Amino acid sequence: MPFKFASSLIFMFKEVGNILLQYGAARNAGFTAVESNFPVGIPLNDFVVAKKKSGVEHILMNSHKGQRSTDIMGLAALPDRVDDFKASIEETIQYAKAINCPMVHVLAGVCPEGANFEQMEAIYLDNLSWAVKRLQQEGIQSLIEPINNRSLPGYFLNCFDKAVSYIEKVNSPSLKLQLDLFHLQVLKGDLTANIKRLFPYVGHIQIAQVPDRHEPDSPGEIDYFYIFQLLEKLGYTGWIGCEYFPAGSATEGLGWMKRVNAGAAS
């Protein structure tokens, strides 16, 4: 069965402008679905109109990164920002529901200098539990994603084992792991064993080559054609986000996708 690939508008088609124009660029390249950051600064009505006009599905949105100019990648673990975090989730829900987006990645945030990890962890678990319940009320799946500190220094959730422990502690079917294979390779390697171990927790998968974060078939550490065979054997049927920087033209670099799905269909 062919895989379902979604374009990450965080990385792809940025040359055309903001998300209102990226929708159409993704559709014209052959994508039927996209994922993105929260569209900061985009009026809700403009957002809805552009998405509807494009005809693509919007399958995943990152939660709002935070209202302050110093906020980077979310608020869930940040001390003294609980009210801001809850407000950011409410705004994310408003936008996600307006475009029928079924999944939200709850961003943890970057650790302030000198922050106490135990304090941040307690806040994170409280906020995450609240967000999962709130998103579940609206029919939205919550996701969390470990991000390596080479790509994003100081990001609170930078460990797959910790992510699994948080999912188990929250103990809700509405909280799943966003498995970015770029970050998994950087943080842990041993992809076959780790994908199999993490698979029961997975709600979404993302891909990019290591180390340069280009197309899956570009030179690098990961044999993605083997990885796709592994995912097929494991029975993965969800979306796969193409969260990579195109090495050249995004559209011209999509030949790998056709080859993968030709193999999956045979």
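Applying the criterion of at least 2 residues that are in contact (Cβ under 8 Å) with a residue 60 or more places away in the chain, over 18 Å from GLU145 (Cα atoms) and in contact with a helix residue (DSSP H, G or I) (Cβ under 6 Å, 6 or more places away or on another chain) to the strands (runs of 3 or more DSSP E) found wholly in segment 169-266 leaves an empty list.
With respect to the numbered conditions (1) under 20 Å from the mean Cα position of the chain (by Cα); (2) surrounded by fewer than 20 Cβ atoms within 10 Å (Cβ to Cβ), which one is the sole condition not fulfilled by MET103? Evaluating MET103 over (1) under 20 Å from the mean Cα position of the chain (by Cα); (2) surrounded by fewer than 20 Cβ atoms within 10 Å (Cβ to Cβ) leaves (2) as the failure.
Quick one: would you say ILE147 is open to solvent by less than 40 Å² (accessible area, probe 1.4 Å), touching a helix residue (DSSP H, G or I) at 6+ places or on another chain (Cβ under 9 Å) and assigned to a helix (DSSP H, G or I)?
Working: open to solvent by less than 40 Å² (accessible area, probe 1.4 Å): yes; touching a helix residue (DSSP H, G or I) at 6+ places or on another chain (Cβ under 9 Å): yes; assigned to a helix (DSSP H, G or I): no.
So ILE147 fails the test.
Scanning segment 106-119 for residues that are of a type in the set (A, V, I, L, M, F, W, C), more than 24 Å from PRO173 (Cβ to Cβ) and within 22 Å of the chain's Cα centre (by Cα) yields VAL110, CYS111. Take segment 18-61 and flag every residue that is of a type in the set (Asp, Glu) and open to solvent by 10 Å² or more (accessible area, probe 1.4 Å). Within segment 18-61, ASP46, GLU57 meet the criteria. Which one is farthest from the chain's Cα centre (by Cα) among residues in segment 3-17 that are surrounded by 15 or more Cβ atoms within 10 Å (Cβ to Cβ) and without any contact (Cβ under 8 Å) to a residue 40 or more places away in the chain? That would be VAL16.
The values are calculated or read from the model by the stated rules, or taken from the named source; none is laboratory data. What you see is a predicted model, and the numbers here were worked out from it, not measured in a lab. Quick reminder, even Gly has a Cβ in these numbers, built from the backbone with ideal geometry, and neighbours come from all protein chains shown. Keep in mind that these areas ignore ligands, DNA and RNA; they rest on the heavy atoms of the full protein, side chains included. Shrake-Rupley method; radii C 1.70, N 1.55, O 1.52, S 1.80 Å.
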